[in-house]
Amino acid sequence: MTTTGFFLGVDAGGSHCRARLTDARGLVLGEGLTGPANARIGIERLRLVLDEAIGQAIAQAGLDAAQVATIHAGMGIAGISRPGALEALRALDFPFAGIAFASDAVIANLGAHRGRDGAILILGTGSIAQVRVGGIDFAIGGYGFPISDEGSGAALGLSAVRHALRALDGRSERTALALSVADRFGHAIPQAIAWMDRATPRDYAALAPLVMDHAEAGDAIARSIVEDAAGHVERFVETIFERGAPACSLMGGLSARLQPWLRARTVARLTPPAGDALDGALLLAGRPTTMDDAAAARE
């Protein structure tokens, strides 16, 4: 573990890329924020986005070239498991003293449990469990929409669209949820089909808040959709502990709204995350200070 120089953490995900630069004590010197950055956009575009976020952090910190050369970096990159992605990243010429790469889920898990064994279940547009047991990292689920991503925002949205279509042609009750979704398509099945032809997982996930709102208001179909999602989340959590993880945290934009739908005994097994993905990226980089020190430095 390095005890001198500067440390850079990067969280490059599907919606944004964040960078955080600290000194060896954990004091935050600079930060950067740019747009989507994952291996799916291609290595050249990815490098541009990474350089922009990193450049913002370095400029904010006011480091010169000699100081930049002492940086130890940890980068969590979405899609790094794609064939050839890691090799392509390692071939990039970054001007740092050292660099380590992992997936964005791995750094999120490192941050959540301060580098110790544990697991996170990310519930956002998609869903995936990232686990660390005996220092070994592995994932559960997360194979992509619509094959996987159970309990995710995209899965909730897909179920809502299915219900709306069935309601429009009379195979299902026209509940408040069905009418709300159908209203987005002018209550016309051809418009819904045209939307589906180009819809992305994020488009389906955009319907998740609507499903949650109607479920919380008592809509029977919405409740059944959310209860099914909660069942998948509970099975995720059970599997995480069966695989040997000593702790589990829920993360992602949908986690707070789904947690009240879980059984009390499941909630009792959950622990709040101790840090975020950038904290994990800095641990990956080898930053020697504790997560508590880093939190204090940011305040």
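The values are calculated or read from the model by the stated rules, or taken from the named source; none is laboratory data. What you see is a predicted model; the values in this text were computed from it and never measured. With ideal geometry, Cβ positions are generated from the backbone for all residues, glycine too; neighbour counts draw on all protein chains shown. Just the protein is used for accessible areas: all its heavy atoms, side chains included, with ligands, DNA and RNA removed. Shrake-Rupley method; radii C 1.70, N 1.55, O 1.52, S 1.80 Å.
Observations on the structure shown:
- Mean projection area, nm², convex hull over Cα of the range 29-130: 7.2 nm²
- With K and R counted +1 and D and E -1, the other residues having a Cβ less than 14 Å from that of residue 85 yield a net charge of +2.
- In the calculated pair-distance distribution of the range 48-192, the portion above 29 angstrom amounts to 43 percent of the Cα-Cα pairs.
- Note on the range 73-142: Cα convex hull, mean projected area over all directions, 5.3 nm².
- Ordered by solvent-accessible area of protein heavy atoms (1.4 Å probe), largest first, the residues 183, 64 come out as 183, 64.
- Net charge dipole, the chain: roughly 380 debye, given to the nearest 20, about the Cα centre with Cβ charges of +1 for Lys and Arg and -1 for Asp and Glu.
- Principal semi-axes in Å for the range 1-77 [√(5λ), Cα gyration tensor, largest first]: 22, 12, 11
- Along its first, second and third principal axes, ordered by size, the range 113-219 spans 53, 31, 20 Å in Cα coordinates.
- Beyond 17 Å, the tail of the calculated P(r) for the range 60-107 holds 42 percent of the Cα pairs.
- Karplus 3J(HN,Hα) series, Hz, for the range 214-220 with 6.51 cos²θ - 1.76 cosθ + 1.60 (x for Gly, Pro): 6, 5, 5, 8, x, 4, 4
- In this structure the range 1-137 gives 42 Å² per residue of accessible area when probed at 1.4 Å with all protein chains present.
- Acute angle (nearest 10 degrees) that the helix 189-198 long axis makes with the longest principal axis of the chain, alpha-carbon atoms: 20 degrees
- Span per principal axis, largest first, for the Cα atoms of the chain (Å): 70, 41, 36
- Built amide H within the under 5 Å cut-off of residue 99, gap 5+: 73
- Radius 15 Å from Cβ of residue 238, net charge of other residues (Lys, Arg +1; Asp, Glu -1): +2
- Percent carbon-and-sulfur accessible area, the chain, ignoring ligands, DNA and RNA, probe 1.4 Å: 53 percent
- A cut-off under 13 angstrom between Cβ atoms defines the neighbours of residue 263, and their net charge, with Lys, Arg +1 and Asp, Glu -1, is 0.
- Against the chain, whose longest principal axis comes from its Cα atoms, helix 153-168 is set at around 20 degrees.
- Whether the range 178-298 is rounded, prolate or oblate, judged on the alpha carbon gyration tensor where a/c under 1.5 counts as rounded: prolate
- Taking amide H positions as modeled 1.01 Å from N, with prolines and chain starts lacking one, the residues under 5 Å from residue 30 and 5 or more places away or on another chain are 21.
- Within the range 1-86, trypsin sites (Lys or Arg not before Pro) in DSSP loop having at most 14 other beta-carbon neighbours inside 10 Å: 25
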